[in-house]
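Student: Here's a structure for you.
Rule-based calculations on the coordinates, nothing more; no lab input. Everything numeric here is computed off the predicted structure, so don't read it as measured data. In this analysis, Cβ positions are derived from the backbone assuming ideal geometry, glycine residues included, and neighbour counts consider all displayed protein chains.
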Amino acid sequence: MTRRVLILGATSGIAQETSRCFAAEHAKLFLVARDPQKLAAVAEDLKVRGAEAVETHQADLNAYSDHPAIINRAASVWQGLDAALIAHGSLPDQALVEKDSLVLRDALDTNYFSAVSLSMHLATVFEAQRSGVLAIIGSVAGDRGRRSNYVYGSAKAAIATFAAGLRLRLLPAGVKVVLIKPGWVSTPMTEHLPQNFLYISAQKAGRGVYQAITSPTSVVYLPSYWKWIMAIIRSVPEPIFAKLKL
Ligand SMILES: NC(=O)c1ccc[n+]([C@@H]2O[C@H](COP(=O)([O-])OP(=O)(O)OC[C@H]3O[C@@H](n4cnc5c(N)ncnc54)[C@H](OP(=O)(O)O)[C@@H]3O)[C@@H](O)[C@H]2O)c1
């Protein structure tokens with residue numbers, strides 16, 4: 001079976017690696033990203049790596065009015081979709097979002113509202129098909145608010161709650177909703193941050209996302225040990241947590 005896969009935010013470091021896994025199994029890929037040059041380079045790379053077909057669509061995913069057309073085109077080009085990955089995101093400067101409402105709004109649009117809007121349109125497609133996997137990249141940052149990134153974290157927490165509800169809605173239709181929560185991954189998003197031993201490569205994260213889509217379960221921590229790290233982090237009492245420089 002040739003899988004038909006939609007990748008939203010296809011130039012993301014993690015998504016590129018996931019797409020390479022799909023290319024290796026000769027899938028058909030529909031790529032959406034905002035930077036046309038990067039998008040063309042990613043598409044070429046995936047063709048060389050074995051993708052049976054690659055379609056591209058340039059779009060700023062914070063432009064909600066474009067969402068129905070993007071999803072309709074992706075769903076019609078190969079008469080259906082087997083999976084969709086929502087991978088776009090941004091790690092805003094916390095100090096800036098505390099002062100600038102427009103930057104704040106953009107961060108919430110990118111990390112929450114746009115993903116919700118896209119998911120709603122995808123849900124309609126998958127529900128009508130009575131099949132499909134919708135995968136959304138959340139983050140361990142959504143598991144507990146931290147002073148260093150609580151706006152980003154709150155968007156990721158909200159998308160986790162949204163995904164949980166959507167999963168229940170789509171259950172009777174046989175549609176799977178997978179929330180993937182990576183820990184730290186070395187990608188352009190984190191290149192300005194000091195790296196530590198908990199960082200994994202984009203390649204490892206991308207493969208994990210591929211496995212989460214092809215063997216879908218509800219919530220996937222990447223790597224899996226983050227489930228236990230976050231269980232400990234969540235259990236730290238607030239007065240102690242307040243003293244930690246996190
Ligand atoms: N890296 C980590 O440590 C980490 C950890 C947990 C979760 N995540 C999540 O993993 C996902 C992928 O991130 P990444 O690590 O692969 O980072 P990345 O390489 O910086 O990718 C982020 C992608 O989002 C795209 N994007 C941002 N705003 C957009 C918009 N308005 N419209 C269209 N595309 C937009 C960017 O496009 P441009 O190429 O045009 O900038 C870029 O391709 C994100 O949801 C992120 O929150 C990452």
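Student: Using alpha carbons only, what's the Rg to Rh ratio of segment 104-184 with Rh from Kirkwood?
Tutor: 1.02
Student: Let me ask something additional. Sum -39500 (n - 2.57) across every DSSP H segment of at least 4 residues in the chain, then divide by the residue count to get the 222 nm mean residue ellipticity, nearest 500.
Tutor: -14000 deg cm²/dmol
Student: Can you give the relative contact order of segment 4-243 as a percent, counting alpha carbon pairs under 8 Å and 6+ residues apart?
Tutor: 19
Student: Using the Cα gyration tensor of segment 99-150, with a ≥ b ≥ c the square roots of its eigenvalues, what is the shape: rounded (a/c below 1.5), prolate (a/b larger than b/c) or oblate (neither)?
Tutor: oblate
Student: Moving on to the next point. Could you count how many Lys pairs in segment 4-243 have their Cα atoms under 27 Å apart, skipping same-chain pairs fewer than 8 positions apart?
Tutor: Final tally of qualifying lysine pairs is 24.
Student: If r is the Cβ-Cβ distance from THR2 to GLU127 and R0 is 25 Å, what FRET efficiency results, to the nearest 0.05?
Tutor: 0.65
Student: Give me LYS99, LYS227, LYS245 ranked fewest to most by other Cβ atoms within 10 Å of their Cβ, as a rough exposure proxy.
Tutor: By the 10 Å Cβ count, ascending: LYS245, LYS99, LYS227.
Student: Listing VAL209, VAL178 from the residue with the fewest other Cβ atoms within 10 Å to the one with the most, what is the order?
Tutor: VAL178, VAL209
Student: Another question, if that's okay. Tell me, VAL97, VAL185 in order of fewest to most beta-carbon neighbours within 10 Å?
Tutor: Exposure proxy ranking, most exposed first: VAL97, VAL185.
Student: Measuring from centroid to centroid over Cα atoms, what is the spacing of segment 158-201 and segment 139-153 in Å?
Tutor: That distance is 13 Å.
Student: Using the beta-carbon distance between GLU98 and THR214 and R0 = 45 Å, what value does 1/(1 + (r/R0)^6) give for FRET efficiency, to the nearest 0.05?
Tutor: Working from the Cβ atoms, E equals 0.65.
Student: Using alpha carbon centroids, what distance separates segment 224-239 and segment 1-66, in Å?
Tutor: Rounded to whole Å, the Cα centres lie 34 Å apart.
Student: How many percent of all Cα-Cα pairs in the chain sit more than 24 Å apart?
Tutor: For the chain, the fraction of Cα-Cα distances above 24 Å is 44 percent.
Student: In segment 1-154, what % of DSSP beta bridges are antiparallel (nearest 5)?
Tutor: 0
Student: For segment 109-246, what relative contact order do you get, as a whole percent, if you take Cα pairs closer than 8 Å and at least 6 residues apart?
Tutor: Contact order relative to length: 25 percent.
Student: Same structure, new question: Kindly write out, for segment 71-87 in residue order, the coupling ³J(HN,Hα) from the Karplus curve 6.51 cos²θ - 1.76 cosθ + 1.60 (θ = phi - 60°), rounded to whole Hz, with x marking Gly and Pro.
Tutor: 5, 4, 5, 4, 7, 9, 4, 10, 6, x, 9, 8, 7, 9, 10, 9, 10
Student: Stretched out fully, how many nm does the piece from HIS26 to LYS227 gain, at 0.36 nm a residue minus the Cα gap?
Tutor: Length gained, HIS26 through LYS227: 69.2 nm.
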